[in-house]
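Engineer: Attaching a single structure in C-alpha cells format; questions to follow.
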Amino acid sequence: MITLPANRLLCIALLLMVVPVAVSGAPVTRTLSTAEPGAGEAFTVSLSIEDVALGGVVETLPAGYAFAETDHPADRILVRGQKIAFAVMNDTRIAYSVRAPASGSGDITGQWEDFIGEVDGAIPASHVAVDGIETAAESGGASPVAQEAASPFAVLAAIAGILIAAGRGGRR
C-alpha cells in the first residue's frame, strides 16, 4: 500500500512529466489563406513545422477538393486521391494549393510524424466551405461541431484518482 505522502509525491512527479509535453504544443500547425473559397477557386494551405528534422506529414482533403500544386520538392511529395504526403527534412514551412469544388464543405485533417524523436500526432482540423455555405452531404445534415482531442490532464486526473483511491482502500 502506498502512503498518503507517497501518493502526493507520485502525483507531483506525474504533473512535472505531463505539463511540459502539454505546454509545448504540436510541432505542426496549419493555416489557410481563406476558409471560404469561391467555387473553383484555389486557396493556399500553409504548414508551419517546428523541431522535426526528419519525418512526414499526411494531409487529407474533403471530398471534392483537389490538390493543385506545391513548392515542396517533387521527389518529396505523393498524392493519392484526397491524401497528400510530404516528406519533411529540416523543413520549417510547406505550402500547397487546393482547388475548391463548385460547392461543398468539410475538414482538412492531417497527421505528422517525427522519425528521429519517435513521436507523432494529429494536426487540428481546418474547416472549409465553398462561399461559406455548408452542405448537408458533407456535414451529415447537422451543423458542424468542433471536436477537440481529450486533454492529457483528464488522463492525469484519472490516474491520480485511481492512485489515491488505491491508497485509501485499506483504511476504514
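Engineer: Kindly indicate the residue of the range 81-122 that is farther than 15 Å from D51 by Cα and of a type in the set (A, V, I, L, M) and also surrounded by the most Cβ atoms within 10 Å (Cβ to Cβ) among those meeting that condition. Explain how you work it out, then say what you get.
Structural biologist: Just the residues of the range 81-122 that are farther than 15 Å from D51 by Cα, to begin with: 81-86, 95-111, 122.
From the residues that got through so far, the ones that are of a type in the set (A, V, I, L, M) too are 84-85, 95, 98, 100, 102, 108, 122.
On the way: I84: 23, A85: 14, A95: 15, V98: 23, A100: 25, A102: 10, I108: 22, A122: 12.
That would be A100.
Engineer: In the range 1-56, which residues are modelled with pLDDT under 60, under 30 Å from R76 (Cα atoms) and of a type in the set (D, E, K, R)?
Structural biologist: Across the range 1-56, there are no qualifying residues.
Engineer: If you go through the range 70-85 one residue at a time, how many are in contact with a strand residue (DSSP E or B) (Cβ under 6 Å, 6 or more places away or on another chain), over 16 Å from L32 (Cβ atoms) and outside any loop (DSSP other than H, G, I, E, B)?
Structural biologist: 6
Engineer: Any idea which of (1) assigned to a strand (DSSP E or B); (2) touching a residue at least 40 places away in the same chain (Cβ under 8 Å); (3) closer than 12 Å to P27 by Cβ is the one V88 doesn't satisfy?
Structural biologist: (2)
Engineer: Follow-up. Which of the residues belonging to the range 106-118 are part of a strand (DSSP E or B) and under 17 Å from D91 (Cα atoms)? Lay out the reasoning, then the answer.
Structural biologist: Narrowing the range 106-118 to residues part of a strand (DSSP E or B): 106-114.
G110, Q111, W112, E113, D114, listed by residue number.
Engineer: Condition (residue is charged (D, E, K, R) and at pLDDT 95 or above) applied to the range 115-131: is it met by at least one residue? Let's see the steps before the verdict.
Structural biologist: Our first condition is that a residue be charged (D, E, K, R); within the range 115-131, this holds for 118, 120, 131.
Narrowing further to those that are at pLDDT 95 or above: none.
Checking the range 115-131: not a single residue is charged (D, E, K, R) and at pLDDT 95 or above.
Engineer: When the residues of the range 83-101 are narrowed to those that are within 17 Å of the chain's Cα centre (by Cα) and not aliphatic (A, V, I, L, M), which ends up nearest to A63 (Cα to Cα)?
Structural biologist: If we take residues in the range 83-101 being within 17 Å of the chain's Cα centre (by Cα) and not aliphatic (A, V, I, L, M), then K83 is nearest to A63 (Cα to Cα).
The values are calculated or read from the model by the stated rules, or taken from the named source; none is laboratory data. The structure presented is a predicted model; accordingly, all values stated were derived computationally and were not measured. Positions of Cβ are generated from backbone atoms using ideal geometry, with glycine treated the same way; all protein chains shown enter the neighbour counts.
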